[in-house]
Amino acid sequence: MSQPPDDRSVEEELQLAFGRAIGFTLVAIITLVGGGVAVIALAAVFFSFLYGR
């Protein structure tokens, strides 16, 4: 299979690079925040089970 010709301009390459960087940053923040919330919820369930409430 032959590769399609690469005819992107420098501006398009920069836009793609910034888009990837912003997307990666957002996913990392969402994962960290979501993971923290999940740990807190899991701890609440565990301690409520432990103390019988």
For the chain, go through all pairs of different Cα atoms, get the mean of 1/r, take its inverse, and jot down that Kirkwood value in Å.
15.0
Hey, rough spin-label estimate for residue 50 and residue 15, points 7 angstrom out along Cα→Cβ, what's it come to in nanometres?
5.3
For the range 22-38, Karplus-derived ³J(HN,Hα) couplings (6.51, -1.76, 1.60; θ = phi - 60°; whole Hz; x for glycine and proline) come out as 5, x, 4, 5, 5, 5, 5, 5, 4, 5, 5, 5, x, x, x, 5, 5
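Readers should treat all values here as calculations from the given coordinates under stated rules, not as data from a laboratory. For clarity, every value in this text was computed on a predicted model and none was experimentally measured. Backbone-built Cβ (ideal geometry, glycine too); neighbour counts: all protein chains shown.
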